[in-house]
1. With n ≥ 4 as the cut-off for DSSP H runs, can you work out [θ] at 222 nm for the chain, using -39500 (n - 2.57) per run divided by the number of residues, rounded to the nearest 500?
2. Can you list the chymotrypsin sites (Phe, Trp or Tyr not before Pro) in the range 20-70 that are in a DSSP coil and have 12 or fewer other beta carbons within 10 angstrom?
3. From the phi angles alone, apply the Karplus equation (6.51, -1.76, 1.60; θ = phi - 60°) to the range 136-143 and give each ³J(HN,Hα) in whole Hz, x where the residue is Gly or Pro.
4. May I ask you to list the residues of the range 97-131 whose amide nitrogen lies under 15 Å from a point 7 Å from Cα along the Cα→beta-carbon direction of GLU140?
5. What accessible surface, in Å², does a 1.4 Å probe find on VAL102, ignoring ligands, DNA and RNA and rounding to the nearest 10?
6. For LYS25 and SER156, what is the calculated FRET efficiency with R₀ set at 25 Å and r taken between the beta-carbons, to the nearest 0.05?
7. Extension gain LEU99-SER183, at 0.36 nm per residue separation less the Cα-Cα distance, in nm?
8. Calculated FRET efficiency, GLU176 and THR17, Cβ-Cβ r, R0 25 Å, to nearest 0.05?
Amino acid sequence: MAREVECKIHIPEYRLTALTDVIDKAFPAIVKQVVDKRDVYYSRDGFTADFRIRQENSILVLTRKQKEHRNDRVEVNDEIEFTVPRKESGALHAFFGSLGYVPLIEKGKQGNLWKDGGLSIELVHVDGLGYYLEMERLLEDSATDEQVQSALEELSDLRTRLGVADYPLEGRYYLEMLQEQNS
């Protein structure tokens, strides 16, 4: 289990190259990685996502988040996550189907990742939604309020450092945006 502090910003396409350069210069020791994630969100009631299965490289990542709804548009979530070999995909989907879970929505995300310990920066295209800059600080599940506050300040400083402090934070989860789009 972990606690994540995350924010995201919608980025206009014309800013992608310049922002990539700024991130590369801000973190010269970090090797940029390619991101290609495919998520399936599962639900029992057909409206609320209970968990997701993410296909990433040769693994499946199962994630259940307990979300804290905040007014500052920053996400602070408790996260339970574990991995399963990708070859188990069919059995995993069948298992959850047998428990009454059905796929609610799918999401694809492609782009770049810069990761330095518990800090992750992603500049990605989310299918159907556009381009986003995501910044996340991963904390231990026992993180104190002071550690969460420190992570919030770190992300605020990072937005300034990357030149995007004037861009509004997107407070909705991708799932919410995709559901709004489909309704």
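The values are calculated or read from the model by the stated rules, or taken from the named source; none is laboratory data. Values in this document were obtained by computation on a predicted structure and should not be read as measured data. All Cβ positions, glycine included, derive from the backbone under ideal geometry; neighbour counts span all protein chains shown. When the accessible area is computed, the model is the full protein with side chains, heavy atoms only, and any ligands, DNA or RNA have been set aside. Shrake-Rupley method; radii C 1.70, N 1.55, O 1.52, S 1.80 Å.
1. One gets -8000 deg cm²/dmol as the mean residue ellipticity at 222 nm.
2. PHE47
3. Taking θ as phi minus 60°, the curve returns 9, 10, 8, 10, 5, 5, 8, 4 Hz for the range 136-143.
4. So the set is 118.
5. Rounded to the nearest 10, that gives 70 Å².
6. Taking R0 as 25 Å, the efficiency between LYS25 and SER156 is 0.80.
7. 27.6 nm
8. The calculated FRET efficiency here is 0.30.
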